[in-house]
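S.K.: Handing you this structure, nothing more for now.
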Amino acid sequence: MTKRIVLLVVTVLLLTAGSAAAGVNVYYGYNYLSSTLPNDQCAPYVGRACDGYNYWDESRIAKNSGDVIRLGFQDTGGGFYYLDFGSGYNGTEIQLTRGAVGAPSYQRTYCKYQSGNSSYVQCKSYIA
Amino acid sequence: MKRIVVLVLAVASGVVAATATAFAVGGAEQADVGGISNAGVPVDVAQLSPHAIEGLQRAGGTGTLNRLGERAGTTFFAGSSFAEGRFCFATADAGGRGPVTFALVACQGAEGVFPSADAPLADFSPRRGNDPVNPADEVVQILRLVGFAADGVEQVGVVAVDGSVFTTPVVNNIYASNDVPATPARAIVALDSDGKTIHTVDLVSS
C-alpha cells in the first residue's frame, strides 16, 4: 500500500515538473550582458548569446537590471528579427513568439547587449 | 491513503484557484489601466490559453487584463503589472481561433515610464536587420507597425533612411499597419495633432 502511494505521489510530481519545464532551454545566465559579455557564447559576436538552430517558437529573457537589451531570432542567412527593451522592463520576463517579429520557423534565438549599463539576465528558448 | 489523496487534490485545486483568482478579474480594476483613455474590455480567464496565462504570470502580470482593440490583424491587450501603476502589454493574432495565445507579452517593472512625455510609445514593431558587430553598419527595416500610444499621440511614423515618412493613425491608444514600405528605416516617431514629432525611437546609431 505504501509503495503504491509513494508511486502515485512521485508520478504526480514528475508529471507536474515535466509539464512546467517542457520545451524551455536556458542558453545563457543568469549572467551579465554587456559590451564584453559574453565573449564566446555566440561567436563571432561579443555581448551576444544565442541558442542553436532549431524550430523555436519563443525567445524569452528574464531581465533583472541594466539598460537596453535586444531579444529575438536569427535566421540562417544572417537576418535578425528583434525588439529592444530598456530599463522599464527590469524585474520582468519578456517573451516573443517568432510570429511577433516575423522570423522564419527555423532559426536560433538570441539576446544581446544593446546600450547603456550592462543587464543581468537569463535568456531562454521555448518550443511548444 | 485518503489523507494523501486529499492532500494531492488540495494542492492541485489550490493551483487552479490561484490561477483563476489572479486573472479572472478585469472590470473592477479597470481604473488601474488608466493613463491611457482607452480602458478596454475586461478579459475573462476562460478566453486565454493556459500557455497565455502562464506567460502573463511569468512576465509579472498580477490581476487585470483588458482587450483594447484590434488593428491590422493584431489584437491588443493591456493589464496591470506587479509594479504598481505600471502596465503589462500583450498582443495576439486577431485571426486566431479558440483560446487566446499571445504573440508578445511584456510587463513594465518599477522603472517603467509609459505613458509619459518621455515615453509616449510602447512600441513593439518588429525589426528586421543585419544586427552587425559594428553598430555603424546597421541596416534596419520595420516589418510592421505595432504598439500602444499615450493620449495625445495622433500618428506613429517610420522615418526611412532617405527621409520619407510613412505614418499610421493612432486610434484608441493602439496602432498597427502592415503597409510599411520595405525600405531601410532610421527611426519610429510619435506625432501630435499638428503633425509635430514629439518623440523619436532611434533604430540605428547616429
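The values are calculated or read from the model by the stated rules, or taken from the named source; none is laboratory data. From a predicted model like this one, the values you see are computed outputs, not experimental measurements. Every residue, glycine as well, gets a Cβ built from its backbone with ideal geometry; the counts of neighbours run over all protein chains shown.
S.K.: Inside region A:70-106, can you point out the residues that are among the charged types (D, E, K, R), facing chain B (nearest Cβ under 8 Å) and either farther than 24 Å from B:ALA94 by Cα or more than 15 Å from the chain's Cα centre (by Cα) (or both)?
M.R.: Once the filter is applied, which keeps residues that are among the charged types (D, E, K, R), facing chain B (nearest Cβ under 8 Å) and either farther than 24 Å from B:ALA94 by Cα or more than 15 Å from the chain's Cα centre (by Cα) (or both), region A:70-106 yields only A:ARG70.
S.K.: Of all residues in region A:32-69, which are among the acidic types (Asp, Glu) and more than 9 Å from chain B (Cβ to nearest Cβ)?
M.R.: A:ASP40, A:ASP51, A:ASP57, A:ASP67
S.K.: Inspect region B:37-56 for any residue being polar (S, T, N, Q) and either within 24 Å of A:ASP67 (Cβ to Cβ) or part of a strand (DSSP E or B) (or both) and give the result as yes or no.
M.R.: No, region B:37-56 has no match at all.
S.K.: Are any residues in region B:69-113 surrounded by fewer than 21 Cβ atoms within 10 Å (Cβ to Cβ) and under 19 Å from B:SER37 (Cβ atoms), and if so, which ones?
M.R.: B:GLY69, B:GLU70, B:GLY85, B:VAL113 - these are the residues of region B:69-113 that are surrounded by fewer than 21 Cβ atoms within 10 Å (Cβ to Cβ) and under 19 Å from B:SER37 (Cβ atoms).
S.K.: May I pose another question? Which ones in region B:46-68 are buried (at least 19 other Cβ atoms within 10 Å of the Cβ), among the small types (Gly, Ala, Ser) and farther than 18 Å from A:TYR89 by Cβ?
M.R.: Within region B:46-68, just B:ALA52 meets the criteria.
S.K.: Tell me, yes or no, whether region B:180-187 has at least one residue that is hydroxyl-bearing (Ser, Thr, Tyr) and not in a loop (DSSP other than H, G, I, E, B).
M.R.: Of region B:180-187, the ones hydroxyl-bearing (Ser, Thr, Tyr) are B:183.
Then drop every residue that is not not in a loop (DSSP other than H, G, I, E, B), which leaves none.
Checked against the condition, which is being hydroxyl-bearing (Ser, Thr, Tyr) and not in a loop (DSSP other than H, G, I, E, B), region B:180-187 yields no hits at all.
S.K.: Go through region A:1-41 and give me each residue that's modelled with pLDDT of 95 or more and among the hydrophobic types (A, V, I, L, M, F, W, C).
M.R.: Those that are modelled with pLDDT of 95 or more and among the hydrophobic types (A, V, I, L, M, F, W, C): A:VAL24, A:VAL26, A:LEU33, A:LEU37.
S.K.: Looking only at region B:141-156, how many residues end up being assigned to a strand (DSSP E or B) and surrounded by fewer than 22 Cβ atoms within 10 Å (Cβ to Cβ)?
M.R.: Of the residues in region B:141-156, the ones assigned to a strand (DSSP E or B) are B:141-142, B:145-149, B:155-156.
Narrowing the set further to residues that are surrounded by fewer than 22 Cβ atoms within 10 Å (Cβ to Cβ) leaves B:141, B:155.
Going through region B:141-156 one residue at a time, the tally reaches 2.
S.K.: With respect to the numbered conditions (1) more than 12 Å from chain B (Cβ to nearest Cβ); (2) assigned to a loop (DSSP other than H, G, I, E, B), which one is the sole condition not fulfilled by A:GLY29?
M.R.: All conditions pass for A:GLY29, except number (2).
S.K.: Quickly run through region A:108-123 and pick out the residues that are closer than 13 Å to A:TYR53 by Cα and within 12 Å of chain B (Cβ to nearest Cβ).
M.R.: Residues of region A:108-123 that are closer than 13 Å to A:TYR53 by Cα, as a first pass: A:108-110.
The one that is closer than 13 Å to A:TYR53 by Cα and within 12 Å of chain B (Cβ to nearest Cβ): A:TYR110.
S.K.: Looking at region B:117-131, which of its residues are more than 9 Å from chain A (Cβ to nearest Cβ) and assigned to a loop (DSSP other than H, G, I, E, B)? Show your work before the answer.
M.R.: Our first condition is that a residue be more than 9 Å from chain A (Cβ to nearest Cβ); within region B:117-131, this holds for B:117-118, B:120-121.
Correct list: B:ALA117, B:ASP118, B:PRO120.
S.K.: Out of A:ASP84, A:ASP51, A:ASP67, report the one residue that is buried (at least 22 other Cβ atoms within 10 Å of the Cβ) and acidic (Asp, Glu). If you could, list the steps in order and put the result at the bottom.
M.R.: Numbers: A:ASP84 fails: buried (at least 22 other Cβ atoms within 10 Å of the Cβ); A:ASP67 fails: buried (at least 22 other Cβ atoms within 10 Å of the Cβ).
Only one candidate passes the filter, namely A:ASP51.
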